[in-house]
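Engineer: I have a structure I would like to understand better, so I am pasting it below and will then ask my questions one at a time.
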Amino acid sequence: MSFMEKAVRVFDKAGKAQAIGDEIARGGEGAVHALAAKPSVVVKLYHQELLDRRGEALRQKVDAMAEMRQRFAAASLAWPAISVYDERGAWRGYAMRRAAGVPLAKLAHPMLCRKHVPDLDRSHVVRYLVAIIKTLERLHGAGVCLGDINLNNFLYDHATGTVTLIDCDSYQVAVEGRLFPCVVGAADMIPPEHHGVNLSQVRRTPESDLFSLAILIFRCLMLGRHPYDFVGGGTVVENLRRGHVPYG
């Protein structure tokens, strides 16, 4: 039985315990649980297989990001706050504030958009995108690049008009001369020069982020259509690699 199947408590570095609630989300890297006593805080617990492969590197990155947290106190980010451990003192993941909202993937889908936000109009979409641009500008100013920019890593809350960036632990972060890379990215979102190479060896730049952001903006404004769509050409990825934009 894995830790996440049996865990009911996590501990901070000082050994203070917190009970965790039911799983509220699961992805390829781990599962997210709310704290039972403070549901506005969630913990991400990495899968054991990932910890076995990259646990120490992840711990160092999360701890470095937690030290930067105050720089982004006012930003809409689900930024790592503190590391969490199991009852044996083994590192398991981190705690962060709970983000509210719906993934942009639903905003960029005609049927899902009408279902989840029937009164959404073009001006709302533009405001969400401007908010993302401003947050990205702030991150770039602090030496942080997102790297993995995709429609599921942004949550928009129509009730408050805010957008929160999630999965921040995947970001590329430079701290005191050390670079913690972003090792993931979707082939239909990253620039052509990052194709066919090991992303853990790639140094992301504001320019590479803006390439991906431009695709995201296009998809939100065009109800999911991709600027490198297969219309009149090859697949999305083939068109992206050779710079063929059917809408150009």
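Engineer: Take every Cα pair under 8 Å in region 160-231 that's 6+ residues apart, average their separations, divide by the length, and report that relative contact order as a whole percent. Before the final figure, lay out the partial values.
Structural biologist: On the way: 50 pairs, mean separation 14.4, N = 72.
Relative CO of region 160-231 lands at 20 percent.
Engineer: Highest mean first, what order results for 13-25, 99-111 on Cβ atoms within 10 Å? Working shown, then result.
Structural biologist: Working: 13-25: 12.2, 99-111: 17.5.
Packing proxy ranking, top to bottom: 99-111, 13-25.
Engineer: Over region 127-177, what is the mean sequence separation of C-alpha contacts under 8 Å (at least six apart), divided by residue count, expressed as relative contact order in percent? Mind dumping the intermediate values first?
Structural biologist: Numbers: 42 pairs, mean separation 21.0, N = 51.
Relative contact order of region 127-177: 41 percent.
Engineer: Another question, if that's okay. Place a +1 charge on the Cβ of each Lys and Arg in the chain and a -1 charge on the Cβ of each Asp and Glu, then give the dipole magnitude about the Cα centre in debye, rounded to the nearest 20. Don't skip to the answer; put the middle values down first.
Structural biologist: On the way: 31 positive and 26 negative charges, 80 e Å.
Using Cβ point charges on Lys, Arg, Asp and Glu, the chain gives about 380 debye.
Engineer: For Ala36, list long-range residues whose amide hydrogen, built 1.01 Å from N in the peptide plane, is under 5 Å from its own amide hydrogen.
Structural biologist: So Ala36 has HN proximity to Ala19, Ile20, Gly21.
Engineer: Quick one: what are the phi-derived ³J(HN,Hα) couplings along region 193-199, Karplus 6.51/-1.76/1.60 with θ = phi - 60°, whole Hz, x for glycine and proline?
Structural biologist: For region 193-199, the Karplus curve yields 5, 9, 7, x, 10, 6, 5 Hz.
Engineer: Quick one: net charge of Arg97's neighbours, Cβ under 11 Å, K/R +1, D/E -1? Provide the component values of the computation, followed by the final result.
Structural biologist: Numbers: positive: Lys38, Arg69, Arg98; negative: none.
Around Arg97, the surrounding residues sum to +3.
Engineer: I need the helices of the chain that pass two filters: whole DSSP H segments spanning 18 Å or more by Cα along the axis, and mean Kyte-Doolittle score no lower than -0.5.
Structural biologist: Numbers: long enough: 48-67 (26 Å, -0.97); 122-141 (29 Å, 0.21); 206-221 (22 Å, 1.21).
Passing helices, by number: 122-141, 206-221.
Engineer: With θ taken as phi - 60° and the coefficients 6.51, -1.76 and 1.60, list the Karplus ³J(HN,Hα) couplings across region 85-91 in order, rounded to whole Hz; mark glycine and proline as x.
Structural biologist: 10, 8, 5, 8, x, 7, 5
Engineer: Separate question: Leaving out ligands, DNA and RNA, what percent of the accessible area of the chain is carbon and sulfur, probe 1.4 Å? The partial results should precede the final answer.
Structural biologist: On the way: 6760 of 12490 Å².
Of the solvent-accessible surface of the chain, carbon and sulfur hold 54 percent.
Engineer: What size of dipole, in debye to the nearest 20, comes out for region 136-248 about its Cα centre when the only charges are +1 on Lys and Arg C-beta atoms and -1 on Asp and Glu C-beta atoms?
Structural biologist: 200
Engineer: Also, quick follow-up: If I model a spin label as a point 7 Å beyond the Cα along the Cα-Cβ vector, how far apart are those points for Ala19 and Lys38 in nm?
Structural biologist: Taking the simple label geometry, Ala19 and Lys38 are separated by 1.6 nm.
Engineer: Let me ask something additional. Accessible area per residue, 1.4 Å probe, Å², for the chain: what's the number? Write out the running numbers ahead of the final one.
Structural biologist: Working: 12490 Å² over 248 residues.
Value for the chain: 50 Å² per residue.
Engineer: Given 20 °C and 1.002 mPa s, compute D for the chain with the Stokes-Einstein relation, Rh being the Kirkwood radius over Cα pairs; round to the nearest whole µm²/s.
Structural biologist: Values: Rh = 19.2 Å.
Answer, rounded: 111 µm²/s.
Engineer: OK, next. Past 31 Å, Cα to Cα, is the threshold; run Lys16/Lys61; Lys44/Lys106; Lys106/Lys134; Lys16/Lys115; Lys13/Lys134 against it and keep the listed order.
Structural biologist: Details: Lys16/Lys61 22 Å; Lys44/Lys106 23 Å; Lys106/Lys134 22 Å; Lys16/Lys115 43 Å; Lys13/Lys134 34 Å.
Pairs exceeding 31 Å: Lys16/Lys115; Lys13/Lys134.
Engineer: Relative contact order for region 90-162: what percent, with Cα pairs under 8 Å and sequence separation of 6 or more?
Structural biologist: Working: 41 pairs, mean separation 40.1, N = 73.
Worked out over region 90-162, it gives 55 percent.
Engineer: Here's something else I'd like to know. 7 Å from Cα along Cα→Cβ at both Gln60 and His158: what's the point-to-point distance in nm?
Structural biologist: Rounded to a tenth, the inter-label distance reads 4.5 nm.
Engineer: Here is a follow-up. Just order 142-153, 179-190, 197-208, 31-42 by mean Cβ neighbour count inside 10 Å, highest at the front, would you?
Structural biologist: Working: 142-153: 20.8, 179-190: 18.3, 197-208: 14.3, 31-42: 16.3.
Ranked from most to least packed, the peptides come out as 142-153, 179-190, 31-42, 197-208.
Engineer: If you don't mind, another one. State, in angstrom, two size descriptors of region 49-154 derived from its alpha carbons: Rg to one decimal place and Dmax to the nearest whole number.
Structural biologist: Rg and Dmax of region 49-154, Cα atoms, are 17.0, 52 Å.
Engineer: Something else now. With the cut-off at 13 Å, report for region 178-245 the share of all Cα pairs above it, as a whole percent. Mind showing how you got there, number by number?
Structural biologist: Values: 1463 of 2278 pairs.
It works out to 64 percent of all Cα pairs.
The values are calculated or read from the model by the stated rules, or taken from the named source; none is laboratory data. Since this is a predicted model, take the numbers as computed values, not measurements. FYI the Cβ positions are ideal-geometry reconstructions off the backbone, even for glycines, and counts take in every protein chain you see. What goes into the accessible areas is simple: the full protein's heavy atoms, side chains included, and nothing from ligands, DNA or RNA. Shrake-Rupley method; radii C 1.70, N 1.55, O 1.52, S 1.80 Å.
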